[in-house]
1. Taking region 346-358 as the region of interest, how many residues are under 22 Å from A392 (Cβ atoms) and surrounded by fewer than 24 Cβ atoms within 10 Å (Cβ to Cβ)?
2. What are the residues in region 18-44 that are in a helix (DSSP H, G or I), surrounded by 24 or more Cβ atoms within 10 Å (Cβ to Cβ) and charged (D, E, K, R), if any?
3. Kindly evaluate G150 against the criterion of being of a type in the set (G, A, S), surrounded by fewer than 24 Cβ atoms within 10 Å (Cβ to Cβ) and free of Cβ contacts under 8 Å to residues at least 12 places away in the same chain.
4. Scan region 80-103 for residues that are over 20 Å from G141 (Cα atoms), of a type in the set (S, T, Y) and modelled with pLDDT under 90 and jot them down.
5. Out of all the residues in region 88-108, is one or more without any contact (Cβ under 8 Å) to a residue 40 or more places away in the chain, out of contact with any helix residue (DSSP H, G or I) (no Cβ under 6 Å at 6 or more places or on another chain) and open to solvent by less than 10 Å² (accessible area, probe 1.4 Å)?
6. Go over the candidates V227, V242 one by one and state the one that is open to solvent by less than 50 Å² (accessible area, probe 1.4 Å), modelled with pLDDT under 90 and more than 30 Å from T368 (Cβ to Cβ).
7. With the structure loaded, tell me whether S369 is at pLDDT 90 or above, outside any loop (DSSP other than H, G, I, E, B) and buried (at least 21 other Cβ atoms within 10 Å of the Cβ) or whether it fails that test.
8. When the residues of region 387-401 are narrowed to those that are surrounded by fewer than 17 Cβ atoms within 10 Å (Cβ to Cβ) and touching a residue at least 60 places away in the same chain (Cβ under 8 Å), which ends up nearest to V466 (Cα to Cα)?
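The values are calculated or read from the model by the stated rules, or taken from the named source; none is laboratory data. Everything quoted here is computed from the prediction, not taken from an experiment. Note that each Cβ is placed from the backbone with ideal geometry, even for glycine, and that neighbours are counted across all protein chains shown. When the accessible area is computed, the model is the full protein with side chains, heavy atoms only, and any ligands, DNA or RNA have been set aside. Shrake-Rupley method; radii C 1.70, N 1.55, O 1.52, S 1.80 Å.
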Amino acid sequence: MQLKTLTLPPPFNPFPHKTIFFHKIIVLIVTFLAYASFHASRKPPSIVKSVLGPNLQLNSSLSESGLNVVDPNWSSTDTGWAPFNGPEGTRRLGELDLAFLLSYSVGMYFAGHVGDRIDLRLFLVLGMMGSGLFTIIFGLGYWFDVHLLGFFVVVQILCGLFQSIGWPCVVAVVGNWCGKAKRGLVMGIWNSHTSVGNIVGSVVSSAVLEYGWGWSFLVPGVLVILVGVLVFMFLVVSPEHVGFELPREDVEMNVQVNGEENAAKDESEEAGLIGTENDSDSLAAIGFFEAWKLPGVAPFAFCLFFSKLVAYTFLYWLPFYIRHTAVAGVQLSHKTAGNLSTIFDIGGVFGGVLAGYISDMIGARAVTSMAFLLLSIPALIVYRVYGSVSMAINIVLMFFSGLLVNGPYSLITTAVAADLGTQEVVRGNSRALATVTAIIDGTGSVGAALGPLLAGFISSRGWNSVFGMLILSISLAILLLVSVVRAEIRSR
């Protein structure tokens, strides 16, 4: 059924008589906080895994040899939380991640389609309120002593659906305000919200974990709702809503503007940005299958499938891995493992900014992404082999692993998606941006759903198998970019 485009009144301007630069800064800050809070609320499941699940005892001789294979004579020194504390606990935790991420990925496709047709501000607020509510409901399972697997699965599915609203909305809003010039750098800095949110979620969830695992969900859930109120009060979706037109260098100008048809067209090809409301083409929302056919969308979408698989495996399993892998012969506590895992996300902040800067400098997004992916393979191997030698070595190697793994993931989900959604083929159609963004990140989210699930199954065979799966995924991501990289090199 074809959705009709709804025409809603422009939102209230919270900052009248301010410059367009001021409004851009406010938009970047508000959307940054919005998506950081989304990610903060995704972090609790990874932090509480070692509390809910079994405390796996490793065979001492194999652990000392670095293989870290689970002892077949399973035992638990912690009681855990039924139904996740038995011998199949890690698999059930992986299935819980699958429930959230699969609904998130499916919801992403629909969220982008809807987001191109209704008020993005209200749609984003809806997603934040629903995400916060169901994150809190998951935590209530602690106080109400819920041990039904079905309860946790259903809550995660509903939470994933609301979470899927966030990304197409924030990227479309930022795309409306920001030009293509230095887009990689600007969006690389802006996209650090993902890692910042992970860090905040890890620190907050770890800090309150000792009072009961329910608090690890309650506090981030409340945070999302509070930031949702901030979004409702201060987010302006488009410059036109507050009476601004972007400067010529930042807009793909309509050929009729100021009577300078040819000059405006040339400048629009350089800027590659959103069209104005005078262009009837920019008012027609692009179709889902039509968006798939846009140049570059499919290769980057499937590349992100494997890139996000790797990133989200670390997101959901790194604290658990650290907890059950001795560092310098010492088994770390739940809280220490959760806090230490933030080093990976700190590396991700630098990786996103660096990838964006390099891609702007050389003018090649695919080449930059491939370079980071190639370097991430030896980085993961070295982290796996030498990460347990000492705490200092573990931190350094984890930082560089996060930098290289999250660099291309950040670049593709932001600057690449914005480039593809505002390319000349669609004449900067603002109503293509959310759809293209949803296709790319939605496809990536399918991989994100499979990664943690596979890790839950494969970890019973040893962590070497998990890292092997991650390296294979990165290799496939590299292969998917070969044709795009060749095209970029030929075009230079």
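1. Looking only at that region, the number is 3.
2. R42
3. In short, yes.
4. none
5. Yes.
6. Among V227, V242, only V242 is open to solvent by less than 50 Å² (accessible area, probe 1.4 Å), modelled with pLDDT under 90 and more than 30 Å from T368 (Cβ to Cβ).
7. yes
8. V389
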